[in-house]
Amino acid sequence: MSLDELELILCDMYEMDEWLPNPVFDKKEFAKASNSLWAIGEFRNYVADHIYPQTKTSIKNLEVMARSFTEKMEDFASMNQKNSSIFITAKIIGENIQDLLYAME
């Protein structure tokens, strides 16, 4: 799978229907949506960095990277309670991506 294909799949599954609530009225939901969008971008960057200079990889390799990403986000979440919510969201996104890749296999 190419990075462009991965980006399209992630956009279709996680970003396309995402809406950002008004931060004035619903700060918690706004933070959750923002953290989710951030996590998707971080996963894309994580994959791109790990396969560079190539632009393609197997679904099995993507599953391994998603598992590693999820573990790192879990570790980061436990380091600092103040910032843990963003990393917990990223961990959940990583788990969802793992499920998606497993279904595609």
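Every number here is computed from the coordinates shown, using simple stated rules; none is lab data. These numbers were taken from a predicted model, which means no experiment stands behind them. Ideal geometry is used to build each Cβ from the backbone, glycine not excepted, and the neighbour counts take in all protein chains shown.
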For the ranges 51-59, 71-79, what's the packing order if you count other beta-carbon atoms within 10 Å of each residue, average per peptide, and put the highest first? 71-79, 51-59
Nearest 10, in degrees from 0 to 90: the angle of helix 59-79 to the longest Cα principal axis of the chain is 30 degrees
Relative contact order (percent) for the chain, with alpha-carbon contacts under 8 angstrom and 6 or more residues of separation? 28 percent
Prolate/oblate/rounded label for the stretch 1-84 (Cα gyration tensor, a/c 1.5): oblate
Taking amide hydrogens as modeled 1.01 Å from N in the peptide plane, which residues meet the under 5 Å criterion relative to Thr55, leaving out close sequence neighbours? none
With the charge dipole of the chain built from beta-carbon charges (+1 for Lys and Arg, -1 for Asp and Glu) about the Cα centre, the Cα from Met13, Ser78, Met65 projecting farthest to the positive end belongs to Ser78
Using label points projected 7 Å from each Cα along Cα→Cβ, tell me how many nm separate Lys60 and Asp4, to one decimal. 2.6 nm
What's the magnitude of the charge dipole for the chain around its Cα centre, counting Lys and Arg as +1 and Asp and Glu as -1 at the beta-carbon? Answer in Debye, nearest 20. 400 debye
Past the 31 Å Cα-Cα mark, which pairs from Lys56/Lys82; Lys28/Lys56; Lys60/Lys82; Lys28/Lys60; Lys27/Lys91? Lys56/Lys82; Lys28/Lys56; Lys60/Lys82; Lys28/Lys60
